[in-house]
Amino acid sequence: MHYFIRRWSNLLSDWNYSLTLPRRADEEQPGKISDRTRRVYDRLAAIYPASTFFFHSKAHRKALEMSGIRSGMKVLELATGSGEMFRRLVRANPDGQTFGLDLSPNMAARTQRRARMEFKSAGAHCQAVDACYLPFKDASFDAVMCCFLLELLDAEGIRRSLAEVRRVLKPGGNFTLVVIGQNAAIFNRLYRICGKLAPAFWGRQVDASIPETLKKARFQILADHPVRQGFYPSRVFVTRHG
Ligand SMILES: C[S@@+](CC[C@H](N)C(=O)[O-])C[C@H]1O[C@@H](n2cnc3c(N)ncnc32)[C@H](O)[C@@H]1O
């Protein structure tokens with residue numbers, strides 16, 4: 001009994017379950033947010049595939065279809081989560097190399113394990129890495145994919161991660177970005193409440209500022225497509241390293 005109470009109180013403190021939180025995640029110290037985010041997603045790694053199935057799978061399909069990724073490419077995915085998009089990428093790229101990363105070691109390990117089980121001889125590699133500090137050489141990828149990460153980063157994290165994507169992407173390569181849509185008033189209200197209760201898990205919506213942010217980071221927007229899965233809105237951007 002004591003064990004369960006301790007586990008629950010740890011979980012709730014990591015989720016920062018409180019009604020008196022600051023309004024925006026970026027009002028907190030970045031280090032603190034990413035530590036909590038890592039711990040929360042680490043604990044959810046085993047059940048996260050259900051959330052991806054219900055809320056993200058349609059956007060994943062659309063993003064892959066729009067991305068221009070084809071077999072033989074060297075592809076990177078940031079923030080793989082439990083690896084559902086990563087496996088789609090590996091399946092679409094049997095003759096190439098697919099790299100993935102996630103801040104949470106449990107998410108990265110799960111992604112790697114599932115990809116190895118499903119695609120025994122594919123070039124698929126996933127590790128626990130912070131998207132703001134990519135351990136790859138300049139211009140080493142043909143394409144980069146990133147789904148539902150920017151909501152969890154503060155302003156400096158967004159700037160850094162996009163600068164890193166631009167650095168590792170070959171000139172002319174595509175960067176496909178998926179964010180949570182902000183075009184449904186009731187959903188937005190609900191999201192703000194969830195974001196206050198558990199900022200390390202939900203973060204905050206960033207969709208409205210993304211076109212400007214991408215332009216500042218010197219990505220040219222080639223396509224911008226809304227997706228809706230039930231009540232859950234997403235937005236897919238395909239951009240080019242100009
Ligand atoms: C909302 S989930 C999305 C997972 C997956 N991309 C999807 O579409 O279902 C966000 C993921 O981003 C990861 N993450 C958060 N901050 C990160 C960072 N700074 N670098 C890399 N991954 C990060 C979390 O661990 C989590 O797995």
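Only the coordinates and a few stated rules stand behind these numbers; no lab work does. Here the structure is a predicted model, which is why all the values come from computation and not from measurement. No Cβ is skipped: glycine too gets one built from the backbone with ideal geometry, and neighbour counts run over all protein chains shown.
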Task: Within the range 218-239, tally of residues that are buried (at least 17 other Cβ atoms within 10 Å of the Cβ) and under 19 Å from Glu164 (Cβ atoms) - done: 4
Task: Matching residues in the range 177-191 - criterion: being among the β-branched types (Val, Ile, Thr) and surrounded by 12 or more Cβ atoms within 10 Å (Cβ to Cβ) - done: Val178, Val179, Ile180
TODO: Select from the range 45-92 the residues that are crowded, with 24+ Cβ neighbours inside 10 Å and free of Cβ contacts under 8 Å to residues at least 60 places away in the same chain and write down the one among them that is farthest from Leu153 (Cα to Cα).
DONE: Val90
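For every residue, the table says whether it meets (1) within 13 Å of the ligand (Cβ to nearest atom); (2) over 26 Å from Lys74 (Cβ atoms); (3) touching a Gly at 6+ places or on another chain (Cβ under 9 Å); (4) among the hydroxyl-bearing types (Ser, Thr, Tyr).
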residue: Leu162; (1), (2), (3), (4): yes, no, no, no
residue: Pro171; (1), (2), (3), (4): no, no, yes, no
residue: Gln182; (1), (2), (3), (4): no, yes, no, no
residue: Arg189; (1), (2), (3), (4): no, yes, no, no
residue: Leu197; (1), (2), (3), (4): no, yes, no, no
residue: Ile221; (1), (2), (3), (4): no, no, no, no
residue: Pro233; (1), (2), (3), (4): no, yes, yes, no
- [ ] Filter the range 128-149 for residues that are more than 9 Å from the ligand (Cβ to nearest atom), farther than 25 Å from Arg61 by Cα and of a type in the set (A, V, I, L, M, F, W, C) and give the result.
- [x] Leu134, Phe136, Ala139
Open item on the list: Which residue is nearest to Leu149 (Cα to Cα), if the candidates are limited to the range 72-127 and must be in a loop (DSSP other than H, G, I, E, B) and within 15 Å of the ligand (Cβ to nearest atom)?
Closed with: Ala79
